[in-house]
Amino acid sequence: MAIITMKISDLGEFGLIDRIGKTAPRNARRAPIGIGDDAAALLLSPSSVLLATTDMLIEGVHFDLKTTDLYSLGWKAAAVNLSDIAAMGGVPRFCLTALGIPTSLTVEQVDEFYRGFSVCIRKQGTVLVGGDTCSSPKGLIISVTVLGEADRKRVITRAGARPGDLIYVTGTLGDSGAGLEILRSAECGVRSKNPAVRKLIERHLRPIPRVAEGKKLALSGLASAMIDVSDGLSSDLGHLCEQSGEGAELFADRIPLSKELTSVKGLKQQPLEYALFGGEDYELLFTSPVELEREIMSLRIRATVIGAITRRKGMRMVTEKGEIHPLAPGGYDHFLRLRRGPVR
Ligand code: ADP
Ligand code: MG
């Protein structure tokens with residue numbers, strides 16, 4: 001009898017996570033939020049939760065030591081985890097770092113990594129309290145865990161969006177994806193003096209976690225759902241819609257793009273494509289009932305309305321001319337190695 005084996009690429013990253021989730025019975029009393037959100041929320045007292053998140057960065061998958069310095073890598077390893085706490089509206093308090101270190105890495109490089117890491121966490125009042133250190137046979141492996149806290153009733157999950165809610169995003173989208181492309185392309189070069197090019201690269205190498213913005217949204221109680229943009233707007237909005245059981249319409253001409261992204265010449269894709277499919281912007285994507293728009297604006301978190309939640313499932317993109325196109329999630333999937341969605 002033939003043994004049928006399933007390849008991980010048949011499931012994709014998110015299919016695999018769902019499968020892992022089935023092995024972990026929910027304990028809604030002790031862990032009101034488990035697998036499936038930006039961070040787990042674990043009950044500490046009747047009114048407060050511990051938020052826990054972990055993310056890995058692997059050489060050759062997430063970064064290339066030819067295009068990042070160790071300071072930036074340390075910064076980014078902290079930022080991507082702090083961002084998941086921000087996406088729940090929490091306050092990051094403690095972190096742990098686990099490293100798999102190849103023999104090629106020097107002590108000075110490890111020092112540089114921790115210099116960048118420390119500057120990033122200190123800005124958020126977070127302290128390093130532990131970790132693990134091992135050798136790695138090939139490439140640098142970084143795993144960071146961040147623990148945060150939140151008022152139990154104020155945690156913002158991916159699941160609360162309702163039809164009619166407006167969709168907002170902080171800052172601008174797409175810079176990081178364009179920055180990565182520039183870093184990878186030999187002809188533009190990492191040493192470009194063009195300030196706009198430098199800015200896009202910086203946005204990729206040293207993203208700013210939107211912790212203050214997440215905290216304001218949680219305190220205000222105005223947001224119905226939230227996620228950080230790590231995989232790409234189309235993919236992360238897809239997660240939010242799926243968890244909320246709703247659909248969404250995005251307004252193409254409302255998606256905030258930086259002047260740097262729209263001014264740099266010679267990029268392979270359109271600015272909007274980087275915003276939709278590029279990922280690693282670490283902005284906050286959130287929803288809120290339409291009648292609260294003025295109050296959201298009064299929070300002064302640089303948020304832009306980019307669409308609305310719909311009862312109709314699936315995602316659609318409304319162009320400037322009013323044409324409606326289906327929008328498929330097209331961010332990065334580790335096993336499908338997918339970067340772009342089929343929107344045109
Ligand atoms: P994010 O992009 O916000 O870091 P991920 O897409 O990495 O989120 O993960 C989605 C959810 O799945 C999170 O709740 C995460 O904790 C969980 N998850 C991912 N991988 C695993 C795993 N191997 N075991 C258990 N939970 C996992
Ligand atoms: Mg996240």
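The values are calculated or read from the model by the stated rules, or taken from the named source; none is laboratory data. Owing to the predicted nature of the structure, the values given are computational and were not obtained by experimental measurement. Cβ placement follows ideal geometry from the backbone for every residue including glycine, while neighbour counts extend to all protein chains displayed. For accessibility, only protein heavy atoms count, side chains too; no ligands or nucleic acids. Shrake-Rupley method; radii C 1.70, N 1.55, O 1.52, S 1.80 Å.
Under a Cβ-Cβ cut-off of 15 Å, what is the net charge of the residues other than Glu108 that fall near it, where Lys and Arg count +1 and Asp and Glu count -1?
That works out to -2.
Rounded to the nearest 0.05, what FRET efficiency do Leu299 and Ile3 have when you use their Cβ-Cβ distance and R0 = 45 Å?
After rounding to 0.05, the efficiency reads 0.20.
Could you give me the ³J(HN,Hα) list for region 217-231, computed from phi with Karplus coefficients 6.51, -1.76, 1.60 and θ = phi - 60°, whole Hz, x at Gly and Pro?
Whole-Hz 3J(HN,Hα) from phi for region 217-231: 5, 5, 4, 6, x, 8, 8, 8, 7, 7, 8, 9, 8, 9, 9.
Can you give the extra length, in nm with one decimal, that the chain gains between Glu242 and Leu65 once fully stretched, where that is 0.36 nm per residue apart less the Cα-Cα distance?
60.2 nm
Can you sort Arg122, Arg294 by solvent-accessible area, 1.4 Å probe, largest first?
Most to least solvent-accessible, the answer reads Arg294, Arg122.
Using a 1.4 angstrom probe and counting only protein chains, how large is the accessible area of Lys216 in Å², to 10?
Near enough 90 Å² of accessible area.
Which whole-number percent is the relative contact order of the chain (Cα, under 8 Å, 6+ apart)?
Reported relative contact order: 21 percent.
Residues with amide H under 5 Å of Leu327's amide H, sequence separation 5 or more or different chain, H placed in the peptide plane at 1.01 Å from N; which?
Met315, Arg316, Met317
Quickly estimate the mean residue ellipticity at 222 nm for the chain, helices only: each DSSP H run with n ≥ 4 gives -39500 (n - 2.57), and the total goes over all residues, rounded to 500.
Per the formula, -9500 deg cm²/dmol.
Rounded to the nearest 0.05, what FRET efficiency do Asp132 and Lys321 have when you use their Cβ-Cβ distance and R0 = 56 Å?
0.55
What aspartates and glutamates could a cross-link reach from Lys321, if we take a straight Cα to Cα line under 16 Å and drop same-chain neighbours fewer than 8 places away?
Result set, ordered by chain and number: Glu249, Asp253.
I'd like the distance between the alpha-carbon centres of region 294-334 and region 53-72, rounded to an integer number of Å.
29 Å
Can you list the trypsin sites (Lys or Arg not before Pro) in region 47-103 that are in a DSSP coil and have 16 or fewer other beta carbons within 10 angstrom?
The qualifying sites are Lys66.
Relative to the Cα centre, what is the charge dipole magnitude of the chain, using +1 at the beta carbon of each Lys and Arg, -1 at the beta carbon of each Asp and Glu, and rounding to the nearest 20 debye?
Dipole of the chain, to the nearest 20 debye: 300 debye.
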